[in-house]
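Comments concern the structure below.
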Amino acid sequence: MRHEPSPVQDEYAPVIYSQETVSYIEGLDMMSGEEDRENILRSRASGKAVLTRPFRLMSDHLGVVLTFPVYLDDLTADAKEEDRVAATAGYLGGAFDVESLVENLLRQLAGNQELVVNVYDVTNNSNPLLMYGSEVPLGNPSPSHICMLDFGDPFRKHHMICSRYRNKPHVPWSAITTPSGGFVICMLVGYIIYAAWSRYDNVKEDCRKMEELKKRAEAADVAKSQFLATVSHEIRTPMNGVLGMLDMLLDTDLKPTQRDYAQTAQFCGKALISLINEVLDRAKIEAGKLDLESVPFDLRSILDDIISLFSSKSREKGIELAVYVSERVPEILLGDPGRFRQIITNLVGNSIKFTERGHIFVQVHLADHSNLATEAKVEPVANGMNGHKNETTAVATSVSRNTLSGFEAADSRNNWENFKLLLSYEKNEMPYESVSDKVTLVVSVEDTGIGIPLDAQGKVFTPFMQADSSTSRTYGGTGIGLSISKCLVEIMGGQINFVSRPHVGSTFTFTAVLQRCDKSAVSDNEPVMLHPLPSSFKGLSALLVDRRPVRATVTKYHLQRLGITSEVVATIELALGALSGRNGHSLASTKLPCMLLIESDSWSSKMDVSLRSRLLEMKQNGQTPVLPKIILLVAAESDKLKGNYAVDSVITKPLKASTLAACLFQALGITQTQPSHEKRDSSGSLRGLLLGKNILVVDDNKVNLRVAAGTLKKFGAKVECVKSGKDALALLQIPYKFDLCLMDIQMPEMDGFEATRHIRAMEAKANEQADASNNSHSETDCTTRAGKWHLPVLAMTADVIQATHEECTKCGMDGYVTKPFEEKQLFQAVQKFLDPGMPS
């Protein structure tokens, strides 16, 4: 063989060595040798063993290579050459030392030294090739005997000439070793065949086991999904009855004590439902069954809703709760608003729970323009701990306290200097344009609470784990919220991390990959959570008195959403100077502000009379033609403050655009115009949709029937109840007398899926008959229905499993409402079927 790369050819025959002594050789191609290639091709085509022409071995003996073809399938003796080529799996070959082999055979056959044998390759009769023996024999030979040798190769011919001599030649050692060598070679060939067959059996058995394990895994996956659906249904169904009955009880005339008891029970029931949902979410994540929606939504509206959820708690504690969204974040995004809301709600809920003073600050920026998602950097320092007691174990820091509330933050990057750099960078950049449709958001939730102990920070995201055993007793909770949030963030293609220092606070930061969505591309019938803000304030200006720049930036953000331009000064004296234009102070805008917003920590009770008198004096001197409205911004309850201070209005934080607009309408005396989407009649409310509608409720549970009927009747619907799918089919005959059907899924005899299939089959048959009737009597028949028969069927399900929802759609249901009923969810589910103003 030549030690060079094989030439480019149609096929190769790489050698697989079974001997350990030559296992170091790699990449030997038998197709590269001319004789070997011919040998392989001939054996493959004939199906028989084939020999090469004799050649010199490394032992200087003549030898041959015997090649056997190996086929994938058993072939008949008369198989065609192309069939044999197609069925070839490989080749089995061995090299034979002819001289040693013949000598060992002679020693076994003759038992003495009288025989002398010559072996010739006579394939070419004109030039026979001596393979074994001597050209010049010793002594006087006796008459010789010539016989043919058949090695199994029909293409090569061999002769053996045997002679007996009077003088016996010397017995060679090869006569002894040749039989042993042949035996060893046969054993090796047999072992190779046995090993190959055993390997084939092992691979076949492994494939069988893998197939069996795959079926088991699929069966276990199905069983787990069914278990989740059953548990969800069996737990949530009685809870639906409990909460539904409590809701109906609260609609009756109750004594104050009775109402308090009922509201407490309702609150506990909702807390239990929330816990059940979290546990099921965790189970769905582990089972890989949690799928994300992809719908357009307004991020800023979602954050406003979250702020509203925790506003009363923050006012009770007197802490600053604020949100800021970069103006470069698109207005409409495409993603899962429910899961995004769940993550932020979990983080803000934890911050509210563990924070007694200071602030909670939610920020949203683009990942390209923010350093909030990088590794945390905590600088060691030596000042206070946000006023917490028992601070001997706290970690001291020297981070600037120029934050939202003036209390120190755990993350050193969330100070005014970095915040200002980020704002200036975003402001100086060109409008947000990206070739990619993906938008990566960085969301941070910062609080000045008790922080997380250093030894507990490694298990923060572990399910059902608290920082220590006393935490759950003091603050409540199950320790599953952060675990679910981490899983949801990872499903959204992001990461979550945190910086926390005991007695200073915590800052949780996560990224989420969403899709950009143009507002013009959103159709009217898509369920986008948009809350258009009033345009009555556009063009107005305001002057803000706030000595904390971070807090002032948040206030400016909310004013800007309403179209109000604003300028910030640190004190009331500077504000008066800016209004009057004295002492070198002047406003950047030529338009005089119509409102003066003052933070509560810049205000004192002694200032109200003097401020009002100075403003009147400025008006009389002509320094300001119109007195601006004085509005006080406070973080605590403001009922008493409004009576004590001579201000035009008091706005209680946390700020959000809708509440700020409502307060400004009242303070400025501006008439509020109703948005066009609210001008429709009471169709914008659930009562307006259900009033006078005939609704069929199908459920085998008597309590659920009472709850559903009571809820629907409360909003003016006419309700009829049945207990099974068969009873529903008996009532649902064309023409329908019902406008809507609420169908339970799990029922005896006939479940909701089967009942819906019967309804759709009945409608399809009626529509076909109607089409045929229209074709034959289109001019004379005035009673034929112009449209298609289709009764809206909504599933009433206690399951929260995606597979259940997919099955609802597959069997022909138009949607679903989960138990227990919620007014907002019920409204969204029935709106497109019962609202005449909505496109069908």
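Among the residues of the stretch 740-761, write down those that are in contact (Cβ under 8 Å) with a residue 60 or more places away in the chain and either part of a strand (DSSP E or B) or surrounded by fewer than 19 Cβ atoms within 10 Å (Cβ to Cβ) (or both). Across the stretch 740-761, the qualifying residues are 740, 742, 743.
Quick check on residue 372: is it touching a strand residue (DSSP E or B) at 6+ places or on another chain (Cβ under 8 Å), modelled with pLDDT under 90, open to solvent by less than 30 Å² (accessible area, probe 1.4 Å) and not small (Gly, Ala, Ser)? Yes: the conditions hold for residue 372. Candidates in the stretch 122-151 are the residues that are under 23 Å from residue 48 (Cβ atoms) and surrounded by 12 or more Cβ atoms within 10 Å (Cβ to Cβ); of these, the one that is modelled with the lowest pLDDT is 151.
Across the stretch 205-236, which residue is most open to solvent (accessible area, probe 1.4 Å) among those that are hydroxyl-bearing (Ser, Thr, Tyr) and in contact with a helix residue (DSSP H, G or I) (Cβ under 8 Å, 6 or more places away or on another chain)? Selected residue: 225. All conditions but one from (1) open to solvent by 20 Å² or more (accessible area, probe 1.4 Å); (2) in contact with a helix residue (DSSP H, G or I) (Cβ under 9 Å, 6 or more places away or on another chain); (3) more than 22 Å from residue 484 (Cβ to Cβ) apply to residue 304; the one that does not is (1). When we screen 426, 433, 417 for residues that are open to solvent by 20 Å² or more (accessible area, probe 1.4 Å), at pLDDT below 80, under 27 Å from residue 560 (Cβ atoms) and not in a loop (DSSP other than H, G, I, E, B), the only hit is 417.
For the stretch 159-187, the candidate set comprises residues that are within 28 Å of residue 123 (Cβ to Cβ) and modelled with pLDDT of 90 or more; within that set, the residue that is least open to solvent (accessible area, probe 1.4 Å) is 185.
Summed over the stretch 43-76, residues that are more than 24 Å from residue 200 (Cβ to Cβ) and without any contact (Cβ under 8 Å) to a residue 60 or more places away in the chain total 11. Whether any residue in the stretch 237-253 is within 32 Å of the chain's Cα centre (by Cα) and open to solvent by 70 Å² or more (accessible area, probe 1.4 Å) is what I want to check. Looking for residues that are within 32 Å of the chain's Cα centre (by Cα) and open to solvent by 70 Å² or more (accessible area, probe 1.4 Å), one finds at least one in the stretch 237-253, hence yes.
Considering the stretch 93-102, and only residues there that are in contact with a Phe, Trp or Tyr (Cβ under 8 Å, 6 or more places away or on another chain) and either open to solvent by less than 30 Å² (accessible area, probe 1.4 Å) or at pLDDT 85 or above (or both), the residue that is farthest from residue 58 (Cα to Cα) turns out to be 102. What is the number of the single condition among (1) modelled with pLDDT of 80 or more; (2) of a type outside the set (Asp, Glu); (3) open to solvent by 20 Å² or more (accessible area, probe 1.4 Å) that residue 667 does not meet? Every listed condition holds for residue 667 apart from (3).
Of the candidates 272, 280, 290, the single residue that is in a loop (DSSP other than H, G, I, E, B), under 31 Å from the mean Cα position of the chain (by Cα) and closer than 30 Å to residue 492 by Cβ is 290.
In the stretch 274-299, the qualifying residues are those that are among the acidic types (Asp, Glu) and open to solvent by less than 30 Å² (accessible area, probe 1.4 Å), and the one that is modelled with the lowest pLDDT is 281. Residue pairs whose Cβ atoms lie under 8 Å apart, sitting 6 or more positions apart in sequence or on different chains, and linking a residue in the stretch 264-279 that is free of Cβ contacts under 8 Å to residues at least 24 places away in the same chain to a partner that is charged (D, E, K, R) and open to solvent by 50 Å² or more (accessible area, probe 1.4 Å), are 266/247. Sub-7 Å Cβ pairs linking a first residue in the stretch 541-567 that is over 20 Å from residue 405 (Cβ atoms) and open to solvent by less than 20 Å² (accessible area, probe 1.4 Å) to a second residue that is in a helix (DSSP H, G or I) and small (Gly, Ala, Ser), at least 6 apart or interchain, are 543/575; 543/578; 562/657; 562/661, ordered by first then second residue. Only a single criterion out of (1) within 19 Å of residue 485 (Cα to Cα); (2) open to solvent by 20 Å² or more (accessible area, probe 1.4 Å); (3) of a type in the set (S, T, N, Q) is not satisfied by residue 363, namely (2). Condition check for residue 686 on (1) at pLDDT below 80; (2) in contact with a helix residue (DSSP H, G or I) (Cβ under 9 Å, 6 or more places away or on another chain); (3) open to solvent by 60 Å² or more (accessible area, probe 1.4 Å): one failure, at (3). Annotation note: of 237, 177, the sole residue that is more than 30 Å from residue 705 (Cα to Cα), part of a helix (DSSP H, G or I), of a type in the set (S, T, N, Q) and in contact (Cβ under 8 Å) with a residue 12 or more places away in the chain is 177.
Whenever a residue of the stretch 700-726 is within 20 Å of residue 754 (Cβ to Cβ) and open to solvent by less than 70 Å² (accessible area, probe 1.4 Å), its partners that are of a type in the set (Lys, Arg) and modelled with pLDDT under 85, lying with C-beta atoms within less than 8 angstrom and at least six residues away or across chains, give the pairs 704/819. For beta carbons closer than 9 Å, sequence separation of 6+ or different chains, a first residue in the stretch 1-21 that is under 27 Å from residue 188 (Cα atoms) and small (Gly, Ala, Ser) and a second that is open to solvent by 100 Å² or more (accessible area, probe 1.4 Å) and at pLDDT 70 or above, the qualifying pairs are 18/191. Just give me the residues in the stretch 478-497 being outside any helix (DSSP H, G or I) and more than 11 Å from residue 460 (Cβ to Cβ), in sequence order. Matches in the stretch 478-497: 478, 480, 492, 493, 494, 495. Tell me yes or no: at least one residue of the stretch 218-225 is in a helix (DSSP H, G or I), polar (S, T, N, Q) and at pLDDT below 85. Looking for residues that are in a helix (DSSP H, G or I), polar (S, T, N, Q) and at pLDDT below 85, one finds at least one in the stretch 218-225, hence yes.
The values are calculated or read from the model by the stated rules, or taken from the named source; none is laboratory data. Source: prediction; values computed, not measured. Every residue, glycine among them, receives a Cβ derived from its backbone with ideal geometry; neighbour counts consider all protein chains shown. The protein model used for the area step is the full one, side chains on, heavy atoms only, and it has no ligands, DNA or RNA in it. Shrake-Rupley method; radii C 1.70, N 1.55, O 1.52, S 1.80 Å.
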